[in-house]
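Visitor: Let me begin by handing over the structure; questions about it come next.
Readers should treat all values here as calculations from the given coordinates under stated rules, not as data from a laboratory. Predicted, not measured: the structure shown is a model, and the values here were computed from it. In this analysis, Cβ positions are derived from the backbone assuming ideal geometry, glycine residues included, and neighbour counts consider all displayed protein chains.
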Amino acid sequence: MSNILTLIEVSSTGELRNTAPALLAAAAKLGTPVAVVAVKPGTGAALASQLGELGASQVYVAESDQVGASLVSPEIEALVSAHAALSPGAVLVAHSVTGRDVAARLAVRLAGGLLIDAVDVRLDADQVIATHSIFGGAYTVEAAVQGGIPIVTVRSGAIQERAKSATPTVTVVPVDVDSGASAVIDAVHDVVVSSTRPELRDAKTVVSGGRGLGSKEKFELVTQLADALGAAVGASRAAVDAGYVSQTLQVGQTGTTVAPALYIALGISGAIQHRAGMQTAKTIVAINTDADAPIFDIADFGIVGDVFTVVPQLIEAINARRH
Amino acid sequence: MKIIVLVKQVPDTYDERKLDPATGILDREASEAIIDEIVERALEVALSYKDSHQDTELVLLSMGPEPVTTSLRKGLSLGADSAVHVRDDDLSGADLTRTAAVLAAALTATGFDLVIAGNESTDGRGGVIPAMVAERLHLPHLTSIDSVEITDAAISGERETENGTLTVHAALPAIISITERAPEVRFPNFKGIMGAKKKPITVLSLSDLSVAPEASGHSIILSTTVRPARAAGKKIIDDGNAGVELAEFLAAGHLI
């Protein structure tokens, strides 16, 4: 089995990003999982046991003073160093803002090929094959790389499997970073998650509101149902454009793509732009006053009615079942 | 200051978008081709700088088949000075590696101080081209920037990530990509639309560019499957009890 490198992203305070478990699980499907981290000198050893629990057979700690100061170049040098040392069969990174920058520059550096935003990976006759979900899940495309090492970015939340824990060997190496071709990080502002609600991208249940809510104040109804269900809050583009909620909650082609077990659309007409962001949900529920709204074409359970009477009754019924 | 904005033409997200099931490549006939809206925001960043710096030269660069001309004309009508269109039948179905190599060669041929792109297109959603081009040209990249400050010698901004933001800067020349938090583009005025017809679009073929030979890995599509259309399920009209019925439906599916 060949080594499969995974780039494990680490926060400025030394915590593993939540993409690590899925990356190591994906690597375990392809070969021997190697966790590669770029850290400031002397801070990597603490991560080894956590990475072993997540399935890393080897932890490759690349140390550089430039970590946290030079934008993504320490991470790239860490992978270049691990690539030279371990002759891997593939490199996996998260399809995150950091991960895709790393994948992009690494693909050029190693003359490799890119497989972007994979929702699954598998090995077939020693070839790494990635599955992609295109146009909001309308198409499933399988692709591979020829003539170079495959560098794969993995969609957050797509791979639910987890690798068996291992006791990893730990390698610590210094890496040189040429800061000349890199942007400089002046300050880091990690958001402290104050909400107890799940993140939209990974939530099992999503409740979204549209223009039909009517105002920013009345959008509160969406939040109330979400909290009753322990769900994440989403919104259609129309609701975002109308100023009911911030753009970070937008579900759709130009927002977040979600694939929850349950998606509840309140006052959303279901323009194709929105459907592209949620149509792979397992169960879709829609409530809308317009009986002809296109959202009903894809809803497993549709209610033609007023969200302001149906939803309070639903919340009451949910709470009644809990007691 | 010479700014190049990278332009991508995409299928309209408000149309049904299709892939050719045999090749996995975009079916360009299936939907209307438009300039990607994130590109318009990238262009607005350049235009607002040009508003206060009259000596700015603003060039559009795109790669794609003949209809891309329409998107370039739109950008010219909004205020760009000229456009470069890389067009060659050999580029049909080009993967990311190839696209980045060609764009890097075209950027080198055109010359620039700053390149501005959208953070990800609405069709491919890869978001890797700006950083790939930066690596080829050995330049810094600042991708996923919410807000940008451009000076004569440097660029700075707030980079949006899944976990918060970073304040970042780089010396020029550099390549940046902006997010949807950047302002929407202005409307073209009549003078702009009329003037756009006279602005030059330079068409380049592969033989006009020194593109590095394809020695690197490339992606191949193995299969393309259409997801079966989703069927509508139960639809009821609220007679005063729909909330309770929905709760029963959710409970039956173990969803609550």
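Visitor: So for the pair B:Lys235, A:Ala69, with labels modelled 7 Å out along Cα→Cβ, what separation do we get in nm?
Guide: Each label point lies 7 Å from its Cα, and together they span 6.2 nm.
Visitor: Can you compute the FRET efficiency between A:Gln224 and B:Ile25 using 1/(1 + (r/R0)^6), with r the Cβ-Cβ distance and R0 = 51 Å? Round to the nearest 0.05.
Guide: 0.65
Visitor: May I ask what percent, to the nearest 5, of DSSP beta bridges between residues of the range A:8-139 are antiparallel?
Guide: DSSP beta bridges in the range A:8-139 are roughly 55 percent antiparallel.
Visitor: Turning to a different aspect of this structure: Only counting other Cβ atoms within 10 Å, I'd like B:His218, A:His274, A:His189 sorted with the fewest neighbours first.
Guide: A:His189, B:His218, A:His274
Visitor: Near A:Val36, within a Cβ-to-Cβ distance under 11 Å, what is the net charge of the other residues, with Lys and Arg +1 and Asp and Glu -1?
Guide: That sum, taken over residues with Cβ under 11 Å, equals -3.
Visitor: Ordered by residue, what ³J(HN,Hα) values in Hz, to whole numbers, does the range A:65-72 give under the Karplus form 6.51 cos²θ - 1.76 cosθ + 1.60, where θ = phi - 60° and Gly and Pro are x?
Guide: Values per residue, Gly and Pro as x: 5, 7, 4, x, 10, 10, 5, 6 Hz.
Visitor: Return the distance in nm (one decimal) between the two label points of a simple spin-label model at B:Ser82 and A:Asp306, each offset 7 Å from Cα along Cα→Cβ.
Guide: Computed distance between label sites B:Ser82 and A:Asp306 equals 6.3 nm.
Visitor: Under 5 Å between amide H atoms, partner at least 5 residues away or on a different chain: which partners does A:Leu92 have, H built in plane at 1.01 Å?
Guide: Residues meeting the criterion, in which the H sits 1.01 Å from N, are A:Leu5, A:Thr6, A:Leu7, A:Val152.
Visitor: Check cross-link reach from A:Lys40 to the aspartates and glutamates: straight Cα distance under 14 Å, and skip same-chain residues fewer than eight apart.
Guide: Of all the aspartates and glutamates, those that pass the test against A:Lys40 - Cα under 14 Å, at least 8 places apart if same chain - are A:Glu9, A:Glu15, A:Glu63, A:Asp65, A:Glu75, A:Glu77, A:Asp176.
Visitor: Let me ask something additional. For a quick check of your reading of the filter: which trypsin sites (Lys or Arg not before Pro) in the range B:1-68 sit in a DSSP loop and have no more than 16 other Cβ atoms within 10 Å?
Guide: B:Arg28
Visitor: Using 17 Å as the cut-off for backbone N distance, which residues of the range A:225-243 belong to the label zone defined by a point 7 Å from the Cα of A:Ala261 along Cα→Cβ?
Guide: Inside the label zone: A:226-233.
Visitor: How big is D, in µm² s⁻¹, for chain B by Stokes-Einstein at 25 °C and 0.890 mPa s if Rh is the Kirkwood radius over C-alpha pairs?
Guide: Roughly 121 µm²/s, to the nearest whole number.
Visitor: Do any GluC sites (Glu not before Pro) in the range B:1-99 lie in a DSSP loop with no more than 16 other beta carbon atoms within 10 Å, and if so, which?
Guide: Those that pass, being in a loop and sparsely packed, are B:Glu16, B:Glu29, B:Glu32.
Visitor: With axes computed from alpha carbons, what is the tilt in degrees of helix A:20-30 against the longest principal axis of chain A, rounded to the nearest 10 within 0 to 90?
Guide: 70
Visitor: As a test of the formula, what do you get for the protein assembly as shown when each DSSP H run with n ≥ 4 contributes -39,500 (n - 2.57) and the sum is divided by the residue count, at 222 nm and rounded to the nearest 500 deg cm²/dmol?
Guide: -7500 deg cm²/dmol
Visitor: What is the ratio of the Cα radius of gyration of the protein assembly as shown to 2.2 N^0.38 Å, with N the residue count, to two decimals?
Guide: 0.98
Visitor: Given a cut-off of under 8 Å on Cα pairs at least six residues apart, what relative contact order in percent is computed for chain A?
Guide: Relative CO of chain A lands at 15 percent.
Visitor: Over chain B, what relative contact order in percent results from Cα pairs under 8 Å that are six or more residues apart?
Guide: Result for chain B is 23 percent.
Visitor: Looking at chain A only, what percent of DSSP beta bridges run antiparallel? Nearest 5 please.
Guide: Approximately 20 percent, going by the DSSP bridge assignments.
Visitor: Which far-off residues, 5 or more places away or on another chain, put their amide H under 5 Å from the one on B:Ser177, with H placed in the peptide plane?
Guide: When sequence neighbours closer than 5 places are left aside, the close amide H contacts are B:Ala117, B:Leu142, B:Thr143, B:Ser144, B:Ile145.
Visitor: Once you list every other residue whose beta carbon is under 13 Å from the beta carbon of B:Ala242, what net charge do they have if Lys and Arg are +1 and Asp and Glu are -1?
Guide: -4
Visitor: How are the Cα pair distances of chain A distributed, in percent, across 20 Å bins from 0?
Guide: Calculated over all Cα pairs of chain A, the distribution is 30, 49, 21, 0 percent.
Visitor: Another question, if that's okay. Along the range B:187-198, what does the Karplus equation 6.51 cos²θ - 1.76 cosθ + 1.60 (θ = phi - 60°) give for ³J(HN,Hα), rounded to whole Hz, x for Gly and Pro?
Guide: For the range B:187-198, the Karplus-derived couplings read 8, x, 9, 4, 4, x, 5, 5, x, 4, 5, 9 Hz, x marking Gly and Pro.
Visitor: Hey, how many Å between the Cα centroid of the range A:252-296 and the Cα centroid of the range A:52-85?
Guide: First find each Cα centre; the distance between them is then 40 Å.
Visitor: Can you compute the FRET efficiency between A:Ala46 and A:Ala187 using 1/(1 + (r/R0)^6), with r the Cβ-Cβ distance and R0 = 22 Å? Round to the nearest 0.05.
Guide: With R0 = 22 Å, the Cβ-Cβ based efficiency is 0.35.
Visitor: Report the FRET efficiency, 1/(1 + (r/R0)^6), for B:Ala109 and B:Thr70, where r is their Cβ-Cβ distance and R0 is 25 Å, rounded to 0.05.
Guide: E between B:Ala109 and B:Thr70, to the nearest 0.05, is 0.60.
Visitor: Helix A:73-86 sits at what angle to the longest principal axis of chain A, using alpha carbons and giving 0 to 90 degrees rounded to 10?
Guide: 60
Visitor: Here is a follow-up. For the protein assembly as shown, with the dipole built from +1 on Lys and Arg beta-carbon atoms and -1 on Asp and Glu ones, taken about the Cα centre, which of A:Leu262, A:Ile185, A:Val152 lies farthest toward the positive end?
Guide: A:Leu262
Visitor: Based on alpha-carbon positions alone, could you give the equivalent ellipsoid semi-axes of the range A:136-181 from the gyration tensor, as √(5λ), descending, whole Å?
Guide: Square roots of five times the eigenvalues give 30, 22, 13 Å.
Visitor: What per residue convex hull volume, in Å³, comes out for the range A:4-75 when only alpha-carbon positions are used?
Guide: Enclosed volume per residue, from the Cα hull, is 74 Å³.
Visitor: Further, regarding this structure: List the pairs from A:Lys282/B:Lys234; A:Lys164/A:Lys282; B:Lys50/B:Lys199; A:Lys29/A:Lys164; A:Lys164/A:Lys204; B:Lys18/B:Lys197 whose alpha-carbon separation is above 21 Å, in the order I gave them.
Guide: The answer is A:Lys164/A:Lys282; A:Lys164/A:Lys204; B:Lys18/B:Lys197.
Visitor: Relative to the longest principal axis of the C-alpha atoms of chain A, give the angle of the C-alpha long axis of helix A:220-229, reported between 0 and 90° and rounded to the nearest 10°.
Guide: The angle comes out at about 70 degrees.
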